[in-house]
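Everything on this sheet refers to the single structure shown next.
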Amino acid sequence: MRENWLHKLDSRPFLRNFSLLTVGNFGSRIISMVINIIVARFLAPERYGEYSLVLTYISMFYFVASLGLSQLVTRSVAREQDNSAYYFRLSLVLRGWGFIVSAVAFALYAFFTHQEFSSFFIFSILGGVFLESLWDAEQNVAFGMQRMEWNTVIGISATLLNLVIYLLMPRSWFTVESVLAVYLGVYVLKTVAYYVCLKHFSLLRGDGGQKQISFQESQAYLKQAMPFYLMYLLSLFTGQFPILFLEHNTGVVEVAYFNTANKLLLPITLFMQTAFSAFFPNQSILFARDRAAFSQQTRKVLALVCGLGVYMAVSASLFKGELVALLYGVDYANTANVLAYQCWYTVLYGIFCLNGNTLGAADAQGKLAVCSVIYALVSTPILYFSSRRGAEGLAAGFVVASILNLLYIFPVLKKTVGGAMTWKFSGRLLVVVFASIAF
């Protein structure tokens, strides 16, 4: 019986990868939630807000360094698995240039905004960007080879190590600097471990180490990545920039309230990220080989993401006050209403993520770039002005902006998928989502 179940799992790559990533990501994210609670309690809102800002800078300048390579490399490896080493090496070369671009962008940002960073914060931000780039390059290969178990093993091991370190640290040692030092140290270890796994289990195949990478090849690959890159850069306007708006308009304490709400939503965001990461390689292959199956699978994933997202969002928003008080304490009471708005934004954002996945798998990078431009233009002014009302106002702004953006995202998704994605199905799904938000 057990062998029959394992055989079925191995014969269905999406189900296998989704299961592995779900187990690994849920395990590591649940541990991360415990870590975040410890850090938030020990640092208190103001210092935790500073720590959150550093992580925001790392994420923001990582996007600049990424050059839009992530989905493109995963897709290339998925379609040419015997040449994975070449694409890995090509992505490392390009990411090296991307890191230089991000370092220059960081220097210009500090100069024009007159921000003063300590030497340690500068090292932490650039070090975090560099490690994120390496980890993503390794992850792209594993995802393209549809071997995602190493994300599970390494991810859980790294977060457990983080937790053990924080549990053993005396409370008096908890500072923004010490927490960042632990974060970077563990990141180095897990990046090295991932590369060892890629080599040991022969996931780097082909002559990637011998084949010379020409300037023309690099240029051509970057050209393919540019629509993805544009999408990533525009996502800054609705991902990282709102945190900076919030800090500028209302202070770091409101940043702490907003980010603690985000951390409490890790189970929901985790489910969505896992589903999309597991689905993308299979989706890319299906688009090239079987359009009917591509359409049917995309419809199923959309229904699954919306259904489970609504269930988890309803559960979280009903008990928001109790959750915040129990986990973070009375100092973070203002997080409760922020959490309620964030729940529903996360569900709506899942639709946008699936649209990005689908357009990427369908080689429709240009259309994806157009959607990203419109999304940024619609959302940015709403988020900027709503951030003047603190963390709760910003969270409400995200919901309003998402509803407006659905007006064009859903038709684009339906047109790309076709077939199984009928207007009747789409309408019913939206009715369920909006009725749940109203409730």
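Overview of values
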| read-out | value |
| --- | --- |
| Cα coordinate range in the range 290-394, projected on the principal axes (Å, largest first) | 54, 30, 15 |
| From the C-alpha gyration tensor of the range 135-256, square roots of 5λ in Å | 33, 26, 12 |
| Of the DSSP H helices in the chain, those whose Cα atoms cover at least 27 Å axially and whose Kyte score averages -0.5 or more | 13-66, 84-113, 119-144, 149-168, 176-200, 215-235, 266-289, 291-318, 335-361, 365-386, 390-417 |
| The range 47-103-the range 124-174 distance, computed between alpha-carbon centres (Å) | 15 Å |
| Kirkwood-based shape ratio for the range 188-332, expressed as Rg/Rh from alpha carbons | 1.06 |
| Equivalent ellipsoid dimensions for the chain as semi-axes, Å, which come from the Cα gyration tensor, largest first | 31, 28, 23 |
| Pair-distance profile P(r), taking every C-alpha pair of the range 174-233, with 10 angstrom steps and integer % | 17, 21, 34, 22, 5 |
| Sum of -39500 (n - 2.57) over DSSP H runs of 4+, divided by residues of the chain (222 nm, nearest 500) | -29500 deg cm²/dmol |
| Radius ratio Rg over Rh of the range 107-163, counting only Cα atoms, Kirkwood formula for Rh | 1.17 |
| Compactness of the range 161-208, expressed as Rg and Dmax over alpha-carbon positions, Å | 16.0, 52 |
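Where a number appears in this text, it was derived from the coordinates with a stated rule and is not lab data. In this text, all values refer to a predicted model and were calculated from it rather than measured experimentally.
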